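The values are calculated or read from the model by the stated rules, or taken from the named source; none is laboratory data. The structure displayed is predicted, hence computed values, not measured ones. Positions of Cβ are backbone-derived with ideal geometry, glycine not excepted, and every protein chain shown enters the neighbour counts. Ligands, DNA and RNA are stripped out before the accessible areas are found, and what is left, the full protein with its side chains, is counted by its heavy atoms. Shrake-Rupley method; radii C 1.70, N 1.55, O 1.52, S 1.80 Å.
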Amino acid sequence: MKKVHKLIKIAIIAGARPNFIKIAPLIKELSKVKQFSVKLIHTGQHYDPVMSDIFFKELNIKKPAINILSGSGSHAVQTAKIMQGLEQVFIKLKPSVVIVVGDVNSTLSAAIVTSKLHIPLAHVEAGLRSGDMKMPEEVNRIVTDRLSEYLFIPSEDAYENLNNEGIERSKIFFAGNIMIDTLINNLKKIEKYKVLKKYKLTKNNYCLVTLHRPSNVDNKKMFIKISKTIRAISETVKIFFPVHPRTMINIEKFGINKILNSPDILLTKPIGYRETIALVAGSKMVITDSGGLQEESTYLRKPCLTIRPNTERPVTVTIGTNTVVGDNMKLLMNLVKDIMNNKYKAGNRPKYWDGRTSERIRKTLVKELLSKNNI
Ligand code: UD1
């Protein structure tokens, strides 16, 4: 007689652009385990094709089992909509464990619902802290980690952050950086990609700029100050700037088009994953406020200047190629000069940023879940 396996139902939650990059290798790896039944649930936080569908296509992610289509809204509205949708889904699906990634509002909403339904929660990219409670993601990280049963950390500094908050060491697993799994999986495909030609850029001769943090782009004074600096930098090195929808709204609202209107500044719509990675790899430097780009530039050994007062990813500064410049535009300009004169640090790769993070997560979950469920 054929042996029937008891299945462990795993629900993986994703909602926003950086989530999709993190779940791609995870779904693939967990689906290898015959005792696991893996279901992907899309919250709909990001819904435009360039913010969502393109990542599913490029990263070969299977269609979500369910999309709860939450859409945009204020923090309370968005979080509440996602919570309402997920509660219904979890009651019906009865997952044995829920996995969330990163620090977006979808992560927080899923964590709260999971916890209230007494379902064990796993958090991938746990333990990162910027220390800045005004950053919505910091609140999301703290609450999610507090509610998690399995905390997969990307770098060893997270041990101390979690320890300071009283989280037991036995719940913490040093798995490494899952974004780097995706990066490594896609590097070969990127080599064949003719993205520089498409945008008329030359290798090591342009700066990739991305900005989308509310503290930079929702604040008119700050956004104008940054834009003027970008304009000044464009006199030294060409700028390629794919614009996030939040940022585009404010470029128009604050009249920033005029400041950025230059033949040396190329503004485009948001671009996909492979184009982004190819553009980091081909660049002279990156100027950003993104968390993911701080990590990807470190792995690709490209200088990264971060326009934020802090970072929850300190290894990118202490080990990697990143410098946090805050709102100090003079420092930013000076570092651009150093980079152009090849006087900037070269950086190294942090431990376990090696493409095997999803494998380590799989092994841990197999060990933990199969024994707990008597399988
Ligand atoms: C969210 C995350 C942020 C992450 C970023 C990556 C939170 C609190 N923030 O910020 O951590 O770095 O995603 O992109 O979860 N919009 C569209 N189309 C879309 C999605 C959004 O036009 O598909 C516009 C809407 O006007 C929306 C705004 O962008 O109001 C902001 O979207 P939202 O998801 O609230 O936050 P992000 O700024 O994208």
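Ignoring ligands, DNA and RNA, what percent of the accessible area of segment 6-154 is carbon or sulfur (1.4 Å)?
Summing carbon and sulfur atoms, their accessible area is 57 percent of the total for segment 6-154.
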- Once both axes come from the Cα atoms, what is the angle between helix 17-30 and the longest principal axis of the chain, in degrees from 0 to 90, rounded to 10? 40 degrees
- When the helices in the chain are scored as -39500 (n - 2.57) per DSSP H run of 4 or longer and the sum is shared across all residues, what 222 nm value do you end up with, to the nearest 500 deg cm²/dmol? -13500 deg cm²/dmol
- Item | Nearest-0.05 FRET efficiency for Asp327 and Asn261, computed from C-beta distance (R0 22 Å) | 0.40
- Item | Three-way shape label, segment 187-324, alpha-carbon gyration tensor, a/c 1.5 | oblate
- Determine the gain in length on full extension of the stretch Leu370-Asn60; use 0.36 nm per residue of separation and subtract their C-alpha separation, reporting nm with one decimal. 108.8 nm
- Query: Considering only protein heavy atoms, what per residue accessible area in square angstrom results for segment 235-346 with a 1.4 angstrom probe?
  - Reply: 39 Å²
- Message: What is the angle, in °, between the Cα long axis of helix 75-93 and the longest principal axis of the Cα atoms in the chain? Nearest 10 is fine, range 0 to 90.
- Response: 30 degrees
- Treat each spin label as a single point 7 Å out from the Cα along the C-beta direction, and report the Arg146 to Ile184 distance in nm. 3.5 nm
- Computed lengthening from Arg246 to Asn341, 0.36 nm per intervening residue step minus Cα-Cα distance: 30.8 nm
- Note on the structure: For 56-64, 148-156, 266-274, 17-25, ranked highest to lowest by mean beta-carbon neighbours within 10 Å, the order is 17-25, 148-156, 266-274, 56-64
- Could you size up the charge dipole of segment 63-158 around its Cα centre, putting +1 on the beta carbon of Lys and Arg and -1 on that of Asp and Glu, and report it in debye to the nearest 20? 520 debye
- Query: Once the piece of chain linking Lys116 and Arg301 is laid out straight, how much longer is it, given 0.36 nm per residue of separation minus the C-alpha distance between them?
  - Reply: 62.4 nm
- Message: My understanding is that a pair violates if its Cα-Cα distance is over 29 Å; which of Lys22/Lys221; Lys81/Lys258; Lys189/Lys330; Lys57/Lys198; Lys194/Lys220 do that in this structure?
- Response: Lys22/Lys221; Lys81/Lys258; Lys189/Lys330; Lys194/Lys220
- Of the candidates Ser148, Met135, Thr182, the farthest towards the positive dipole end of segment 128-224 (Lys/Arg Cβ +1, Asp/Glu Cβ -1, centred on the Cα centre) is Thr182
- Using alpha-carbon positions, the gyration tensor of segment 171-239 gives root eigenvalues a ≥ b ≥ c; with a/c under 1.5 called rounded, otherwise prolate if a/b exceeds b/c, else oblate, the class is oblate
- Item | FRET efficiency for His75 and Lys6, using Cβ-Cβ distance with R0 set to 56 Å, rounded to 0.05 | 0.90
- Message: How far apart, in nanometres, would the label points at Lys253 and Ser31 be if each is projected 7 angstrom from Cα along the Cα-to-Cβ direction?
- Response: 3.9 nm
- Report, to the nearest 10°, how far helix 105-116 tilts away from the longest principal axis of the Cα atoms in the chain, using its own Cα long axis and a range of 0 to 90°. 20 degrees
- Calculated FRET efficiency, Val139 and Asn348, Cβ-Cβ r, R0 41 Å, to nearest 0.05? 0.85
- Query: Magnitude of the Cβ-charge dipole of segment 239-318, K/R +1 and D/E -1, about the Cα centre, nearest 20 debye?
  - Reply: 60 debye
